[in-house]
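Trainee: I'd like to ask some things about the structure below.
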Amino acid sequence: MAVNWLGLLSIGVFYVLILATGIWASKKSKHEEKKCSGNRSEVAMVGGRNLNIWVSIFTMTATWVGGGYVLGNAEVIYDPTKGLVWATAPIAFPINMILGGLFFVKPIRSKTYVTLADPFQEKYGNVFGAILFIPALIGDILWVACILSALGGTVSVIMDLSSAIAVTVSAVVAVVYTLLGGLYSVAYTDVIQLTFIVLGLWVCVPFILTSTYSANFTVAAVTKLHQEPWIGKLELKDVGRWVDELLLLGIGGLCYQAFYQRVLSTATDAQAKLTCYVGGVLCLTLAIPSLVIGAVAASTNWNETTFGSPSPYEQGKAGMILPIALHYLCPFFVSLIGIGALAAAVMSSADSALLSASSQLARNVFKNIIWKDASEKAILVVVKLSVVLCGVIGAGLAMLTSSVHLLMIVSGDVLYSMLTPQVMCTFFLPQLVNLYGACTGFVLGILLRLLVGQPEIGLPDVLPLPWDEMQEDGSRHRLFPFRTAIMLLTTATIILVSQLGEWISKKRLLRSTSDADMKRDTHYMEPIQRHAEESEKLNEE
């Protein structure tokens, strides 16, 4: 297989541009660190809390419109067993942003929080707060794997280059510029990357639509031509599963640290909310090119193309249908523009997830538990080591599966099932919950999710669910909205056990479960309490 050297050169130029932008942004980060010498690690994590509003909007949008989003949308609409009605991400992501702006900006910005784990550690103590971070870490690493897998498959299709090499090189570039400048490098490179995504994909759409190999894709939406209509079917029995996936992405996305890093990096609550609302609109708009390409691919007679027979779906390559369509339905130079857009989409999300996981590891595990008197320099070292470690693990996982959509769903699943109940209770029901309830709910959520299983990734389904349909191969087709059921059951358990524990403590059978009596780390709490007192004084004045 001959390497496409011209394509390789074009992608190399793109990577150099991104890396140069990251290096430039790192100088701005160093300047901010000098101004905030006492909180250098916070500059790396939340950009000194003074990020330009336009940069903030770009980085928020680019984080969500990643490789998983772009390739996953095309995969779902092309897959004859799914179709457009199952493309829940373009609906869920704007919902995610709007809900975030309406309800989550104020709680996370009310104190000097830096990560999502901060409010957990404030309420439940450092150790259990850090334990709650584990699902977030898993979700971030799976997200990195999802988007690196997207790029690996893309490059292997268009450039005749090993996907393992593409994943490795992309991971290295993302790790390097994230190491150099933290959030500043991530945010400013996101501006370049989002521009590539918008221009690159929209440039490809006219060529895809005018391809001589494709039937009228509007006719193919409701009429069977080369495969089932790409509009898809949503039967009554499948409504529960559809709602489950929609809520998973729409609400589970509010548990990603990457979201809160951008919310916390702005100067005011109003700017943070504007970032969310505009980002939601852009997420919906930027779904259109990938959906169109997926629809055209579903309308194409692949036997007439140089791809030949069997079709991409029959070869198990539905996850790579977007780059396949760019390669076989567009002129060569147009496909190069498309690959640049996809590379941009991948890296814009990979760097965000890497910084997200490393920030919580450095602050909430290393600083608050392992070495409470750690210097700012030591914390920054741990941030950088964590970026490298998470990049290596994510790249390794990216080589294990070809379904981008599956990784995207599993990543959100981990957070939705296990972390959403904790976020909701801590932010909105703090007077009703305590450590006993939170611990019980966390264990129950993990146990139920493991028992339900995920056969697609090798996790057996031990716990039978209602409304399951047995397939010919012996597998179960799940119709029950089990993720939402686990989330609601876990939330109810946290509240009930907390209240039961409070009642028992009043009978002097247990140690008091009130927040005042919980074992706290005063070294961690003092800055937050001091900030709250200062804010109250300013409001009074």
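The values are calculated or read from the model by the stated rules, or taken from the named source; none is laboratory data. Since the model is a prediction, treat every value here as computed from it, not as a measurement. Here the Cβ is made from the backbone with ideal geometry for all residues, glycine too, and neighbour counts use every protein chain on show.
Trainee: Looking at (1) hydrophobic (A, V, I, L, M, F, W, C); (2) within 26 Å of residue 295 (Cβ to Cβ); (3) crowded, with 24+ Cβ neighbours inside 10 Å, which is the only condition residue 60 fails?
Mentor: (2)
Trainee: Give me a count of the residues in the range 11-34 that are farther than 17 Å from residue 174 by Cα, buried (at least 19 other Cβ atoms within 10 Å of the Cβ) and out of contact with any Gly (no Cβ under 6 Å at 6 or more places or on another chain).
Mentor: 1
Trainee: Give all pairs with beta carbons closer than 7 Å in which a residue from the range 429-454 that is over 18 Å from residue 416 (Cβ atoms) meets a residue that is surrounded by 21 or more Cβ atoms within 10 Å (Cβ to Cβ) and of a type in the set (Phe, Trp, Tyr); count only pairs at least 6 apart in sequence or on separate chains.
Mentor: Pairs found: 435/124.
Trainee: Could you list, in sequence order, the residues of the range 380-402 that are in contact with a Gly (Cβ under 8 Å, 6 or more places away or on another chain) and surrounded by 18 or more Cβ atoms within 10 Å (Cβ to Cβ)?
Mentor: Scanning the range 380-402 gives 383, 398.
Trainee: With respect to residue 244, is the statement that it is of a type outside the set (Gly, Ala, Ser), modelled with pLDDT of 90 or more and in contact with a Ser or Thr (Cβ under 8 Å, 6 or more places away or on another chain) true?
Mentor: It is true that residue 244 is of a type outside the set (Gly, Ala, Ser), modelled with pLDDT of 90 or more and in contact with a Ser or Thr (Cβ under 8 Å, 6 or more places away or on another chain).
Trainee: Moving on to the next point. When you check residue 94 against the structure, is it touching a residue at least 40 places away in the same chain (Cβ under 8 Å) and in a loop (DSSP other than H, G, I, E, B), yes or no?
Mentor: no
Trainee: Which residue is surrounded by the fewest Cβ atoms within 10 Å (Cβ to Cβ), if the candidates are limited to the range 341-379 and must be within 13 Å of residue 182 (Cα to Cα) and either touching a Lys or Arg at 6+ places or on another chain (Cβ under 6 Å) or of a type in the set (D, E, K, R) (or both)?
Mentor: Once the filter is applied, the top-ranked residue is 379.
Trainee: Then there's this: Would you please list the contacts, defined by Cβ atoms under 9 Å and residues six or more apart or on different chains, that run from a residue in the range 112-133 that is of a type in the set (Asp, Glu) to a residue that is not in a helix (DSSP H, G or I)?
Mentor: What qualifies is 118/111; 118/112; 122/111; 122/113; 122/520.
Trainee: Here is a check on your reading of the model: is residue 187 farther than 30 Å from residue 483 by Cβ, free of Cβ contacts under 8 Å to residues at least 24 places away in the same chain and buried (at least 20 other Cβ atoms within 10 Å of the Cβ)?
Mentor: No, not satisfied.
Trainee: Output the number of residues of the range 202-241 satisfying the condition of being closer than 23 Å to residue 82 by Cα, aliphatic (A, V, I, L, M) and part of a helix (DSSP H, G or I).
Mentor: 5
Trainee: Determine which member of the set 463, 419, 415 is more than 20 Å from the chain's Cα centre (by Cα) and either touching a residue at least 24 places away in the same chain (Cβ under 8 Å) or farther than 16 Å from residue 496 by Cβ (or both).
Mentor: Exactly one residue qualifies, and that residue is 463.
Trainee: Looking only at the range 343-387, count every residue that is charged (D, E, K, R) and over 19 Å from residue 261 (Cα atoms) and tell me the total.
Mentor: So the count comes out to 3.
Trainee: Filter the range 301-346 down to residues that are among the charged types (D, E, K, R) and over 29 Å from residue 391 (Cβ atoms), then give me how many there are.
Mentor: Number satisfying all stated conditions: 2.
Trainee: How many of the residues making up the range 290-312 are surrounded by 19 or more Cβ atoms within 10 Å (Cβ to Cβ) and assigned to a loop (DSSP other than H, G, I, E, B)?
Mentor: Number of matching residues: 5.
Trainee: Of everything in the range 46-91, what is part of a helix (DSSP H, G or I) and at positive phi? Give them in sequence order.
Mentor: Across the range 46-91, the qualifying residues are 47, 48, 49.
Trainee: Name the single residue, out of those in the range 217-237 being surrounded by fewer than 16 Cβ atoms within 10 Å (Cβ to Cβ) and under 32 Å from the mean Cα position of the chain (by Cα), that is nearest to residue 300 (Cα to Cα).
Mentor: Only one residue tops the list, namely 218.
Trainee: Mind counting the residues in the range 108-132 that are crowded, with 23+ Cβ neighbours inside 10 Å, under 16 Å from residue 366 (Cα atoms) and of a type outside the set (A, V, I, L, M)?
Mentor: Residues flagged as crowded, with 23+ Cβ neighbours inside 10 Å, under 16 Å from residue 366 (Cα atoms) and of a type outside the set (A, V, I, L, M) within the range 108-132 amount to 5.
Trainee: Please verify whether the range 205-216 includes one or more residues that are surrounded by fewer than 16 Cβ atoms within 10 Å (Cβ to Cβ) and either among the β-branched types (Val, Ile, Thr) or touching a strand residue (DSSP E or B) at 6+ places or on another chain (Cβ under 7 Å) (or both).
Mentor: For the range 205-216, residues surrounded by fewer than 16 Cβ atoms within 10 Å (Cβ to Cβ) and either among the β-branched types (Val, Ile, Thr) or touching a strand residue (DSSP E or B) at 6+ places or on another chain (Cβ under 7 Å) (or both): present.
Trainee: Name the residue, out of 483, 476, that is basic (Lys, Arg), closer than 21 Å to residue 419 by Cβ and surrounded by 14 or more Cβ atoms within 10 Å (Cβ to Cβ).
Mentor: Answer to the selection: 483.
Trainee: Scan the range 255-289 for residues that are surrounded by fewer than 19 Cβ atoms within 10 Å (Cβ to Cβ), more than 24 Å from residue 199 (Cα to Cα) and among the hydroxyl-bearing types (Ser, Thr, Tyr) and jot them down.
Mentor: The one that is surrounded by fewer than 19 Cβ atoms within 10 Å (Cβ to Cβ), more than 24 Å from residue 199 (Cα to Cα) and among the hydroxyl-bearing types (Ser, Thr, Tyr): 268.
Trainee: Taking residue 88, is it under 14 Å from residue 256 (Cα atoms), touching a residue at least 12 places away in the same chain (Cβ under 8 Å) and either buried (at least 24 other Cβ atoms within 10 Å of the Cβ) or among the polar types (S, T, N, Q) (or both)?
Mentor: no
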